[in-house]
Amino acid sequence: MFLFQETVGKLLSSFFKEDKTKLGGDAVLLMAEMLKVFVQEAAMRTLKQAESEDCDQVDIEHFEKILPQLYDFGLGDFA
């Protein structure tokens, strides 16, 4: 989990406009957890989409169909 948190921290820091801006450990933990939940939600919705189409295998097209739902789930607040 540490490697994931380190990656999330570096990703968040890359958006800072000033070098002196700092990122707290709690913020990294929170964002890592939010990202984990978001990815789990995407996976579950994609699986349900495939099941609704009576498919035995999840394909990229199933993911593409649920993308608008993900936008409403969380991305819409940040985009």
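The values are calculated or read from the model by the stated rules, or taken from the named source; none is laboratory data. Quick caveat: nothing in here was measured; it's all calculated off a predicted structure. Note: ideal-geometry Cβ built from the backbone for every residue, glycine included; neighbour counts use all protein chains shown.
For this structure, a couple of remarks:
- Where a residue in the range 57-79 is modelled with pLDDT under 90 and its partner, wherever it lies, is not in a helix (DSSP H, G or I), with Cβ under 8 Å and at least six apart: Tyr71/Ala79
- Hits in the range 12-24 - residues which are loosely packed, with under 13 Cβ neighbours inside 10 Å and either among the small types (Gly, Ala, Ser) or closer than 21 Å to Phe38 by Cβ (or both): Ser14, Phe15, Gly24
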